[in-house]
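**Student:** Take this structure, written in structure tokens, and hold onto it; I'll ask about it next.
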Amino acid sequence: MAVTPLQDLRPSNGVKRKDMKKRVRKKILYPPLFLLFFATWAGSLVFPGVSGAIKLPVLENAGACMACHASKDLVISFKDKEKMSVFVSPDDFIKTVHSALSCTDCHQKVSLESHPGRVLESRSAFAKEASGACRNCHADSQLKAKANHAYMAEKADAPLCAVCHGAHNVRRISEWKSSLRGKEYCLTCHRQSISKTLRSGERLSLLIDPANLASSVHNKHDCSDCHAEYNRDSHPVKTFFDSREHSVSVSEICGKCHADKYTSLRGSIHYNLSFHVGGTLVSKGNPKAPVCTDCHGFHAVGPKTTYETLSGVPCRKCHEDIFNIYAASVHGMSRAKGEHRAPMCSSCHFAHEIKFTAMTDKIKAACLGCHKGVEGEHKKWLPNAELHLSVIACAACHAPASEKGIYLQLVDQKTGEPFTREQILPLLGTSSEELSRRLNAHGQGLDSYELSYILKQLNERGAGARVTYLGRMDVNKYSEAHRLSLKKNAISECESCHRKDSKFLKRVTLAIIKTEGGMERYTLQPDVLSSVFSMLSSRQFYLLGGTRIALLDWAGIFIVFCGLLLPIAHVTMRVLTAPLRKKGKSEGSEKGEKG
């Protein structure tokens with residue numbers, strides 16, 4: 001074929017530039033394209049950088065484009081200076097469901113007359129434009145055929161079609177689904193930045209990081225092992241009021257495999273403070289109370305050792321102030337130095353069966369569990385050590401900088417079990433609000449008479465047990481119990497407590513335990529410990545030298561006085577009656593001689 005001289009292509013007089021372009025295409029561009037198609041029809045064509053031949057149906061639709069796009073070195077630049085490879089694998093075309101289409105069916109703005117003259121703003125703008133072409137063939141009715149797909153497709157921030165389905169390797173859904181295994185099926189969508197709007201208006205992210213799944217202790221599980229209602233054929237669209245309700249609902253799943261821990265959790269203060277009442281979600285409760293996902297996360301659940309480090313302990317998320325106190329304590333400093341036997345939060349409070357700890361023996365039992373033989377050590381220097389250890393919390397002495405106080409608690413005299421607020425209210429015939437109002441009616445707190453009256457009412461109205469007051473010494477604030485110091489700094493002077501003006505006796509409260517956890521405190525007048533009405537309870541708190549009951553002192557003085565008066569009176573009477581007794585003996589002797 002003859003080659004057209006370049007001078008013949010130059011504009012001549014009377015020839016317009018537009019006509020010149022047509023001549024260029026006709027004499028230079030079309031002949032090579034004709035040869036390209038002819039060679040393909042004859043056999044197969046191998047493009048530079050492509051291994052193997054492109055099949056005929058694909059070539060008919062994409063041959064001209066693939067002349068350039070089959071090169072792995074081909075890139076384009078956007079206005080924001082970002083570059084992107086525009087290599088298209090022939091294998092993708094062979095397998096795609098769109099093999100019957102031509103390139104311009106999707107890339108409708110591309111023309112051989114101007115390509116590649118268009119320069120887009122950015123890669124994201126290009127992707128958005130390309131994915132928009134899908135709606136040219138796929139009507140809204142098709143996109144909305146599946147409820148979950150319809151939900152995502154209508155979202156303003158929905159992922160682009162190509163993100164989930166691919167660009168040039170789109171396959172039939174039936175083929176695509178069957179090729180994915182396990183988590184990969186779900187991650188096709190959930191590895192994207194998708195979210196949903198909850199009824200409260202809050203946005204809930206549905207993004208799942210595959211790296212988190214891979215590092216999780218649950219990495220051997222499929223998604224459906226936990227999310228049993230979701231599978232390849234069913235994907236219900238659930239609605240929640242807010243993310244908190246979602247967390248509580250998801251945490252219920254954990255009980256399927258971790259039944260023992262979940263049973264322990266249901267009896268803990270954390271569970272009872274949350275949304276749960278009878279196993280159902282309700283609108284009351286403390287929404288901040290932790291559930292499984294708050295401590296362990298959703299998809300990045302770490303091994304047990306993760307939660308046994310200062311940086312990984314989950315308790316600090318909610319109890320940061322207490323954790324900081326613990327970190328400065330003898331336990332926290334030992335842990336920071338690498339002493340792995342030093343207790344962490346779960347060492348004393350346990351992990352799942354967390355109970356209300358104040359005014360109970362649970363924490364003391366935890367202390368004695370690590371400090372073996374400590375009771376015997378106390379007996380070496382502390383008189384009546386058993387009594388001291390039974391009514392004084394460890395932290396009262398071993399956190400010397402903390403404020404102390406006396407707690408009086410209503411208990412069953414036989415079992416020592418506390419009477420809760422929910423048990424007390426029906427017996428007193430009042431509500432929680434009314435009880436609080438009555439107990440706080442006096443600015444300085446209840447006096448001993450009012451305290452004994454409450455005790456009398458409970459016992460007369462059938463409490464089912466003998467109710468009494470049990471007194472103990474403890475720190476005034478829960479957080480102070482974590483301020484434990486070195487052994488040498490512990491309070492050991494008897495006069496710290498055993499004196500009338502001891503500062504530890506200035507704060508006296510009535511502690512009423514709540515069934516769901518926590519404690520209500522009501523101020524008492526300090527003289528309740530030294531009043532005559534204190535004798536109404538045999539288990540009342542009595543501190544020798546500190547809580548002296550005046551009546552007992554007078555009674556003791558009277559007994560001592562009577563004890564001393566009787567022999568004195570006896571001796572005095574003997575002395576005064578001695579002459580009479582002597583005279584009587586003489587007269588008796590005379591009568592005997594006469595007789």
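The values are calculated or read from the model by the stated rules, or taken from the named source; none is laboratory data. Nothing here was measured: the structure is a model prediction, and the numbers come from that model. FYI the Cβ positions are ideal-geometry reconstructions off the backbone, even for glycines, and counts take in every protein chain you see.
**Student:** Of the residues that make up region 476-487, is at least one of a type in the set (Phe, Trp, Tyr), outside any loop (DSSP other than H, G, I, E, B) and either over 13 Å from residue 512 (Cα atoms) or outside the structural domain of residue 377 (by TED's automatic domain parsing) (or both)?
**Tutor:** Within region 476-487 (the criterion being of a type in the set (Phe, Trp, Tyr), outside any loop (DSSP other than H, G, I, E, B) and either over 13 Å from residue 512 (Cα atoms) or outside the structural domain of residue 377 (by TED's automatic domain parsing) (or both)), the answer is yes, since at least one residue qualifies.
**Student:** Which numbered condition trips up residue 402, out of (1) under 32 Å from the mean Cα position of the chain (by Cα); (2) on the phi > 0 side of the Ramachandran plot?
**Tutor:** (2)
**Student:** Scan 89, 114, 102, 124 and give me the residue that is closer than 23 Å to residue 73 by Cβ and at pLDDT 80 or above. First the steps, then the outcome.
**Tutor:** Working: 114 fails: at pLDDT 80 or above; 102 fails: closer than 23 Å to residue 73 by Cβ; 124 fails: closer than 23 Å to residue 73 by Cβ.
Just one listed residue meets the conditions, 89.
**Student:** Restricting attention to region 497-522, which residues are of a type in the set (S, T, N, Q) and at pLDDT 85 or above?
**Tutor:** 509
**Student:** Also: Could you list, in sequence order, the residues of region 211-261 that are in contact (Cβ under 8 Å) with a residue 24 or more places away in the chain, touching a helix residue (DSSP H, G or I) at 6+ places or on another chain (Cβ under 7 Å) and in a helix (DSSP H, G or I)?
**Tutor:** Once the filter is applied, which keeps residues that are in contact (Cβ under 8 Å) with a residue 24 or more places away in the chain, touching a helix residue (DSSP H, G or I) at 6+ places or on another chain (Cβ under 7 Å) and in a helix (DSSP H, G or I), region 211-261 yields 213, 223, 226, 247, 250, 251, 253, 254.
**Student:** Does region 215-228 contain any residue that is closer than 25 Å to residue 156 by Cα, surrounded by 14 or more Cβ atoms within 10 Å (Cβ to Cβ) and either modelled with pLDDT of 90 or more or not assigned by TED's automatic domain parsing to the domain that holds residue 161 (or both)? Show your work before the answer.
**Tutor:** Within region 215-228, the first condition is being closer than 25 Å to residue 156 by Cα, and the residues that meet it are none.
The answer is no; no qualifying residue exists.
**Student:** So which pairs qualify, if the first residue must be in region 471-491 and modelled with pLDDT under 85, the second must be polar (S, T, N, Q), the Cβ gap must be under 7 Å, and the two must be at least 6 apart or on different chains?
**Tutor:** 471/540
**Student:** Do any helices (runs of 4 or more DSSP H) lying entirely in region 374-423 carry at least 1 residues that are touching a strand residue (DSSP E or B) at 6+ places or on another chain (Cβ under 6 Å), assigned by TED's automatic domain parsing to the domain that holds residue 363 and under 16 Å from residue 470 (Cβ atoms), and which ones are they? Break it down stepwise before answering.
**Tutor:** Details: elements: 374-379, 385-391, 394-398.
The qualifying helices (runs of 4 or more DSSP H) are 385-391, 394-398.
**Student:** Hey, can you tell me all the residues within region 424-434 that are free of Cβ contacts under 8 Å to residues at least 12 places away in the same chain and either of a type outside the set (Gly, Ala, Ser) or not assigned by TED's automatic domain parsing to the domain that holds residue 470 (or both)?
**Tutor:** The answer is 425, 426, 430, 433, 434.
**Student:** A follow-up question, please. Here's a check for you: in region 208-231, which residue that is small (Gly, Ala, Ser) and closer than 20 Å to residue 247 by Cα is nearest to the chain's Cα centre (by Cα)? Can you show your working first?
**Tutor:** So in region 208-231, the residues small (Gly, Ala, Ser) come out as 211, 214-216, 224, 228.
When the remaining residues are screened for being closer than 20 Å to residue 247 by Cα, the result is 216, 224, 228.
On the way: 216: 17, 224: 23, 228: 23 Å.
Ranking the candidates gives 216 first.
**Student:** Look through 460, 434, 422, 493 and report the one residue that is within 27 Å of residue 397 (Cβ to Cβ), surrounded by fewer than 19 Cβ atoms within 10 Å (Cβ to Cβ) and among the charged types (D, E, K, R). Explain how you work it out, then say what you get.
**Tutor:** Values: 460 fails: within 27 Å of residue 397 (Cβ to Cβ); 434 fails: within 27 Å of residue 397 (Cβ to Cβ); 422 fails: within 27 Å of residue 397 (Cβ to Cβ).
Answer to the selection: 493.
**Student:** Sticking with this structure for a sec: Mind checking whether some residue in region 361-368 is among the hydrophobic types (A, V, I, L, M, F, W, C), assigned to a loop (DSSP other than H, G, I, E, B), touching a residue at least 40 places away in the same chain (Cβ under 8 Å) and under 24 Å from residue 504 (Cα atoms)?
**Tutor:** Checked against the condition, which is being among the hydrophobic types (A, V, I, L, M, F, W, C), assigned to a loop (DSSP other than H, G, I, E, B), touching a residue at least 40 places away in the same chain (Cβ under 8 Å) and under 24 Å from residue 504 (Cα atoms), region 361-368 yields no hits at all.
**Student:** Then there is this: Any idea how many residues of region 174-210 are among the basic types (Lys, Arg), part of a strand (DSSP E or B) and without any contact (Cβ under 8 Å) to a residue 40 or more places away in the chain?
**Tutor:** Count: 1.
**Student:** I'm trying to understand the selection: among the residues of region 446-475, which are in contact with a strand residue (DSSP E or B) (Cβ under 7 Å, 6 or more places away or on another chain) and either among the hydroxyl-bearing types (Ser, Thr, Tyr) or assigned to a helix (DSSP H, G or I) (or both)?
**Tutor:** 451, 455, 458, 459, 468, 469
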